[in-house]
Amino acid sequence: MTDVVRYLTHPQVTIDPAIPVPRWGLSEIGRARTEAVPATGLLSGTTQIISSGERKAIETAEIIAAKLGIDVEVREAMHENDRSATGFLVPDEFEIVANQFFGQPHISIRGWERALDAQRRIVGEVEHVLARNTPGDVLLVGHGGVGTLLYCYCSGLAIDRVHDQLAGGGCFFAFTSHERRVLHGWRRLEEL
């Protein structure tokens, strides 16, 4: 039997322009959505939970890990694409720059990490975890941007925002641990 890898993006966060984005935490809605994930069902075979080092991802991972009775491993390099050059952008401006990020993956848009580099980084992190060949399913908890880049890679698709997660975050896709074959596209975390 092939083990399953699920990549889950954190759900809604508390947006505070005065705080660096990597330190944002889950909002009440995001926390409630995550706490509603049952400890049975799709995640019952999970033996590893690996999280980005960003606060919102760690909070998401810890809530689920507590239900499953397993520890969270934090991997700092699983962070979202580096957008520190611009810091917080108002939603309309962010959408424009994010479209450019995905649309021109070989170029640094306004000082952001290039999409090709972010994809290389997230794929490298996932490959490092999977190279351990630990039995059981894996839950990777991270972010929409690099999650989409990972989805494109695993699906054999060119980088394109058309493959982005559903609005609102808190989505996951699944692939096989050995063949890296995508089992399904983005679904809401409520389906876990």
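The values are calculated or read from the model by the stated rules, or taken from the named source; none is laboratory data. Here the structure is a predicted model, which means the values were calculated and not measured. Note: ideal-geometry Cβ built from the backbone for every residue, glycine included; neighbour counts use all protein chains shown.
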Unique residue being in contact with an Asp or Glu (Cβ under 8 Å, 6 or more places away or on another chain) and either in a helix (DSSP H, G or I) or farther than 24 Å from VAL5 by Cα (or both) when the list is GLY124, GLY145, GLY111: GLY145
Residue that is nearest to the chain's Cα centre (by Cα) [pool: residues in the range 59-85 that are free of Cβ contacts under 8 Å to residues at least 40 places away in the same chain and part of a helix (DSSP H, G or I)]: GLU76
Test: residue in the range 162-176 that is free of Cβ contacts under 8 Å to residues at least 40 places away in the same chain and touching a helix residue (DSSP H, G or I) at 6+ places or on another chain (Cβ under 7 Å): yes
Meets criteria (part of a helix (DSSP H, G or I) and modelled with pLDDT of 95 or more) for GLN100: yes
Some residue of the range 86-97 being surrounded by 15 or more Cβ atoms within 10 Å (Cβ to Cβ), outside any strand (DSSP E or B) and hydroxyl-bearing (Ser, Thr, Tyr): no
Hey, GLY170 under 23 Å from LEU42 (Cα atoms) and not acidic (Asp, Glu) or not: yes
The range 134-192, residues that are surrounded by 14 or more Cβ atoms within 10 Å (Cβ to Cβ) and among the basic types (Lys, Arg): ARG161, ARG180, ARG187, ARG188
